[in-house]
Amino acid sequence: MKDGIIIPHRVGSHTKTSSTQPLEPTMQIKKSLLIISTIFCASAQAGEIYGGVGLPGVFLGYAHGLTSDVSVRADYATLGQRTKNSSEDGIDYKGKLKIGRLGVFADYFPLGNGFRLTGGLTFNQIKFNLNANPNAGTVQSIGDTNVTLSSNDYFNVTVKFPTVTPFLGVGYGHKPQSGTGLGFHADLGASIGRAKLSVDTNLVSKGLVTQADVDKELADLRGGVGKVRFVPQISFGVSYAF
């Protein structure tokens, strides 16, 4: 009441405001829960562990489906360490090879079956050491110079593949599915990158050869092992979906 005039209350307006505002966050929560539950239900059926052998070694990994035609996965492969004696451009080497890599991949299944296209990245620990540690009196050709080496002389070459490289390939298996059980998979692809060479020697400081000889020897090696442009993957194995 104001100055003898009765002002009616807008009961309907207050009732409408107080009853509709709490519903908005409630609906948002329901929608969020629905989206989360849908994603969970879709992904919960897509887990898979797998293992295999081939190049680049023995590997173990996990795959996860995003849709019926797309999955992501990661695995670790290793060939361990191998040693081998060899001769390269007139120098006798003791070779030591170490291969290990972690791969992350995305798979696309364009035909609706197990065939897939694969792309990803590999994080590599791939190194090949060529160590020339001769017996006393050994004569070797380095560059344009023939030199008689002692047991204290060395000419060591390291061939190293890039730490991170792109991966492209094709394969079969790892298709997201609702069922569980054993499966088969195979891969054909490559980590793409160019190997780099470096030399460690004491022959220049001792005056036995020149730096030009070392550079020529390194260039010859680049024409051999330095031509490596990729590390292939040719592998197969089994998987278990759960």
Inset, instruction - State yes or no: is PHE105 in contact with a Ser or Thr (Cβ under 7 Å, 6 or more places away or on another chain) and outside any loop (DSSP other than H, G, I, E, B)? - result: yes
Legend entry - For LYS96: the one exception among (1) more than 16 Å from VAL231 (Cβ to Cβ); (2) not in a strand (DSSP E or B): (2)
Legend entry - Answer residue from segment 207-232, given it is in contact (Cβ under 8 Å) with a residue 40 or more places away in the chain, not in a helix (DSSP H, G or I) and not hydroxyl-bearing (Ser, Thr, Tyr) and is farthest from THR118 (Cα to Cα) among those: LEU208
Legend entry - Meets criteria (crowded, with 16+ Cβ neighbours inside 10 Å, closer than 21 Å to ILE126 by Cβ and touching a residue at least 40 places away in the same chain (Cβ under 8 Å)) for SER235: yes
Inset, instruction - Only strands (runs of 3 or more DSSP E) wholly contained in segment 139-206 count here; list those with 2 or more residues that are aromatic (Phe, Trp, Tyr) and surrounded by 17 or more Cβ atoms within 10 Å (Cβ to Cβ). - result: 164-172
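Since every read-out is calculated from the coordinates, none of them should be taken as a lab result. The structure presented is a predicted model; accordingly, all values stated were derived computationally and were not measured. Cβ coordinates were reconstructed from backbone atoms using ideal geometry, including for glycine residues, and neighbour counts include every protein chain displayed.
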